[in-house]
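Report on the structure given below.
The values are calculated or read from the model by the stated rules, or taken from the named source; none is laboratory data. None of these values were measured; they are calculated from a predicted model. Cβ: placed from backbone, ideal geometry, glycine included. Neighbour counts: every protein chain shown. Accessible surface areas use protein heavy atoms only, side chains included; no ligands, DNA or RNA. Shrake-Rupley method; radii C 1.70, N 1.55, O 1.52, S 1.80 Å.
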Amino acid sequence: MSNPVLVEVTRGNLVESRHRGMIVAVDGDGKTLFSLGETDAHIFPRSACKAMQALPLIESGAADANGFGDRELALACSSHSGEPEHVALAAKMLSAAGRDVQALECGAHWSSDQKTLIAQARSLEAPSALHNNCSGKHAGFVCACCHSGTEVKGYIGYDHPIQQEIRGVMAELTGAVLDRDNCGVDGCSIPTYALSMRGLAHGFARMASGVGLGAERARASKRLIEACMAEPFFVAGTKRACTRLMKTAPGRIFAKTGAEGVFCAAIPEKGIGIALKCEDGTTRAAEAMVAATLARFFSDDAEIHEALMAQANHAMRNWNGIHVGDVRVVTEAFAA
């Protein structure tokens, strides 16, 4: 099956690039509400599934024991930009568990926020693991291990108890079989599993609605989704798509990006979960796709619908500020 072109990028009066994609939206019962392309395809969700990976932090009791609020929980689900607030909060989470940056096994990289990066280049010899976009998630893993008395060292490994627990959580939410056969290694060194887009969307619909989940997991899921919506800056950062989408409809949209053109989202009030992938892995196209998909479910709210579509269709400007082209979704594909 050939996936449809969902996003076009223009220059002048011509289409310069076209991006194909796959999108599926389902409810808590798994009923398909909207789909485009090969939605049974298996993809690596990468960082888009971090809210699922953060469930043990709450379910173990570690979040409450350490006094974590919405900001810490949002950071545990984040792919942050490494801005000072993100770095400080990740360090604070580790400190609450009696650990420091040395406990992190995610590796180090410079921050992705340009202003922050320039300041770091002037003041730091090298970045630390706290600047890694996944440091909040890893801090959550460390805290969960410490609270349960599990050895922290090696927590990124496939056979480590925390990764076994995460594997079980994701299998229950998505209905997927997760094992070494469909396992890869993510950028931050933990296991990542290829699973169907439909299963991934259903997992987020279940987290958003609680349908089919035990009471404890439903409460933990609701708490994480609500924390992310309450503190979108700590899920991503300044001028980031996830932050912008959640600010567009405060408390009504959850959105989380993943590498290689993946996005997951949820609309809790409607019990909807969404998974999508830009086939060629381009982030700009995935961001346009998720904005247009979310807009489709807010057709009865003109202000939110318009704001989301403005994110789906936007101008491109060069370094002189000259309008050189546009990123635009294929309108007929997203029509309600």
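Miscellaneous remarks
- Apportionment of accessible area to carbon and sulfur, the chain, percent (1.4 Å): 49
- Look at where the Cα atoms of the stretch 284-314 and of the stretch 78-102 average out, and the two centres are 32 Å apart.
- Nearest-ten-degree value, helix 283-296 long axis tilted from longest Cα axis of the chain: 80
- Neighbour-limited loop hits for GluC sites (Glu not before Pro), the stretch 77-160 (at most 13 other Cβ within 10 Å; DSSP other than H, G, I, E, B): E125, E151
- Cross-link pairs K115/K222; K92/K270; K115/K137 - those with Cα-Cα distance over 32 Å: K115/K222; K92/K270
- Taking the longest Cα principal axis of the chain as reference, the axis of helix 84-96 is set at about 30 degrees.
- FRET E, pair D301, W110, Förster distance 25 Å, beta-carbon r, rounded to 0.05: 0.05
- With a Förster radius of 56 Å applied to the beta-carbon distance between A310 and D159, the computed FRET efficiency rounds to 0.75.
- Label-point gap, in nm, between D179 and D40 - each point 7 angstrom along Cα→Cβ: 2.1
- Per residue, the chain exposes 41 Å² of solvent-accessible protein surface, assessed with a 1.4 angstrom probe and all protein chains in place.
- For a modelled paramagnetic label at A218, 7 Å from Cα along Cα-to-Cβ, the residues of the stretch 262-284 in reach, with backbone nitrogen under 14 Å, are 271.
- Applying a 4.7 Å Cβ-Cβ cutoff to the chain, the cysteines left without a disulfide-compatible partner are C49, C77, C143, C145, C146, C183, C228, C242, C264, C278.
- Around the amide H of R20, modelled in the peptide plane, lie the amide H atoms of L6, E279, D280, all under 5 Å away and 5 or more residues distant in sequence or on another chain.
- Between the helical axis of 161-174 and the longest alpha-carbon principal axis of the chain there is an angle of about 30 degrees.
- Whole-number Å³ per residue for the convex hull built on Cα positions in the stretch 1-146: 173
- Amide H contacts of M316 (H built 1.01 Å from N, in plane; Pro and chain starts excluded): V324, G325, D326, V327 sit under 5 Å, all sequence-distant by 5 or more or on other chains.
- Residue-wise HN-Hα coupling along the stretch 303-314, computed from phi with Karplus coefficients 6.51, -1.76, 1.60 (Hz; x: Gly, Pro): 5, 5, 4, 5, 5, 5, 5, 5, 7, 6, 10, 8
- Classified by the C-alpha gyration tensor, the stretch 5-333 has an oblate form. Its axis ratio a/c, with a ≥ b ≥ c, is 1.5 or above, and a/b does not exceed b/c.
- Placed amide H near H109: partners under 5 Å, 5+ positions off or other chain: H131, N132
- Where labels lie 7 Å past Cα in the beta-carbon direction, separation of A335 and D100 in nm: 6.2
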